[in-house]
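Remarks on the structure that follows.
The values are calculated or read from the model by the stated rules, or taken from the named source; none is laboratory data. Quantities reported herein were computed from a predicted structural model and do not represent experimental measurements. Here the Cβ is made from the backbone with ideal geometry for all residues, glycine too, and neighbour counts use every protein chain on show. Please note that ligands, DNA and RNA were not included when accessible areas were found on the heavy atoms of the full protein model with its side chains. Shrake-Rupley method; radii C 1.70, N 1.55, O 1.52, S 1.80 Å.
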Amino acid sequence: MKKKQLLAILALMLALGLPLPLDLFLDFTDETREVVFDTLHVRSEAELFAALKNESIKKIIFENDIVLLTSLEVSRDVTLDLNNYNLTTLRENVSAIDVKYGKLILTGKGSIVAYGLNSAAIRVKGAITAGNSNYAHVTVGRKLRLFAPNYYGIFVAPNYNSAYGITIDFHGTIVARDGICIHRHIQGRGENAPVIKVADKAKITVDENEGIALHAGGFGR
């Protein structure tokens, strides 16, 4: 049933003093919440992926722990509030969050977990052309933890030997084999080279024998 039809039926029933049936109320809520509000609560991988595809949703709030079978790809501006829950991938070579472009804000309390071999908690891939000044911007809130025992907490990946327009604002905690990496194949220089900002109270804990907290193999600031 369309939103306008629901509104008309609701208005008529209220005018006549009739009680609103529960199923009609639920239909009305489901039809209108994405239109009226820009925030959506999710409980599963399917709901999370669907919410990301809906560009009218600007903020996604977790209501459950979510385990990913594939990377959560972000290609737009969106806020993810973990809300005391965890986002986890158990697979090899699968990052928990893969940022293609856009502004991603990670907030709330919780953990982003990548258990698999060569699996980063957050992977970011920048632009090829040097003129891109704000291609991908990732902010990690103070109460968030990135856990990647077999790879990087945050991995800035090359895009044809470049990664222009990336900014990482990191305020949280990393517990990983290695902390934050700018890959050695990133050779694009200039003012739009990757920028990594680590806040004063951020914490990075890495493998005591092999780990590197900040690994600038390629060009960046």
Q | Highest-first arrangement of 61-71, 207-217, where packing means the average Cβ count within 10 Å | A | 61-71, 207-217
Q: Grab the other residues whose beta carbon is less than 9 angstrom from that of residue 175, score K and R as +1, D and E as -1, and report the net.
A: +2
(Q) Quick check: residue separation of residue 221 and residue 56 times 0.36 nm, minus the Cα distance between them. What number comes out in nm? (A) 56.0 nm
Q. Points 7 angstrom from Cα along the Cβ direction at residue 143 and residue 191: gap in nanometres?
A. 3.7 nm
Q. Given H placed on each backbone N at 1.01 Å, which residues far from residue 102 in sequence or on other chains put an amide H within less than 5 Å of it?
A. 136, 137
Q | Mean accessible surface per residue for region 136-184, computed with a 1.4 Å probe while every protein chain stays in place, in Å² | A | 33 Å²
Q) Extension gain residue 184-residue 199, at 0.36 nm per residue separation less the Cα-Cα distance, in nm? A) 3.0 nm
Q: For residue 84 and residue 43, compute 0.36 nm times the residue count separating them, minus their Cα-Cα distance, and round to one decimal in nm.
A: 13.5 nm
Q) What residues from region 167-206 fall in the zone where the backbone N is under 14 Å from a label point 7 Å along the Cα-to-C-beta line of residue 134? A) 167-168
Q: Work out, in µm²/s and without decimals, the Stokes-Einstein translational diffusion coefficient of region 60-195 at 4 °C, 1.567 mPa s, Rh from Kirkwood over C-alpha pairs.
A: 89 µm²/s
(Q) Sorting check: for 158-168, 98-108, which peptide has the highest mean count of neighbouring beta carbons within 10 Å, and how do the rest follow? (A) 158-168, 98-108
